[in-house]
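Since the structure comes first, as structure tokens, the remarks are kept for the end.
Readers should treat all values here as calculations from the given coordinates under stated rules, not as data from a laboratory. Values in this document were obtained by computation on a predicted structure and should not be read as measured data. Quick reminder, even Gly has a Cβ in these numbers, built from the backbone with ideal geometry, and neighbours come from all protein chains shown.
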């Protein structure tokens, strides 16, 4: 299968090769964003290409390690953002978060996040909210905790 996708026989699959094959497999019902996400998920070493080793099952652990490193990097970035923010700004975010965390579980679900955004005069579709959660949800539990919320909201 790898060899069929690697049309230029370079030993790697680039974005265009993946897009071409996926377009055929889905009868054209795939977006460039879908392919970008597939590349991001499969490209373990971040070189912009998928090599044969990255398609093998033993790379799952490497992906999990990469995901953990990404979470740690975001936590470091959050610490830097918090240092630049005022204590009042952080407290305002906490108050806002707590106000819309209606079940008080420390996490915002899709409906709670939608209500929060609406309170800020940001009317968003369910698809927009789902995309926002997907981008902000480090631990991929489908919910936004306060740490993830602060990361998104602080400059």
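Computed over the chain, the per-residue total of -39500 (n - 2.57) for DSSP H runs of n ≥ 4 gives a 222 nm mean residue ellipticity of -19000 deg cm²/dmol, rounded to 500.
Which FRET efficiency, nearest 0.05, do residue 55 and residue 84 yield, Cβ-Cβ r, R0 35 Å? Can you show the working numbers first?
On the way: r = 41 Å, r/R0 = 1.17.
Once rounded, the FRET efficiency stands at 0.30.
For the chain, the longest principal axis of the C-alpha atoms and the axis of helix 15-25 are separated by about 80°.
Ranked for footprinting exposure by Cβ neighbours inside 10 Å, fewest first, 153, 1 give 1, 153. Its relative contact order, with pairs defined as Cα atoms under 8 Å and 6+ residues apart, puts the chain at 16 percent.
Classify the stretch 111-155 as rounded, prolate or oblate from the Cα gyration tensor: take a ≥ b ≥ c as the square roots of its eigenvalues, call it rounded if a/c is under 1.5, otherwise prolate when a/b beats b/c and oblate if not. Oblate, since a/c reaches 1.5 and b/c is not below a/b. Between the labelled values [x] 25, 20, 13; [y] 30, 18, 16; [z] 37, 19, 13, the entry that holds semi-axes √(5λ) of the Cα gyration tensor in Å as derived from this structure is [z]. Once the Cα atoms are used to define both axes, helix 32-42 deviates from the longest principal axis of the chain by about 80 degrees. With the simple spin-label model, which puts each label point 7 Å out from Cα in the Cβ direction, the residue 121 to residue 102 separation comes to 2.4 nm. Figure legend: label point modelled 7 angstrom from the Cα of residue 147 along Cα→Cβ; residues of the stretch 69-105 with amide N under 16 Å from it are 69-83. Against the main long axis of the alpha-carbon atoms of the chain, helix 59-84 sits at an angle near 30°.
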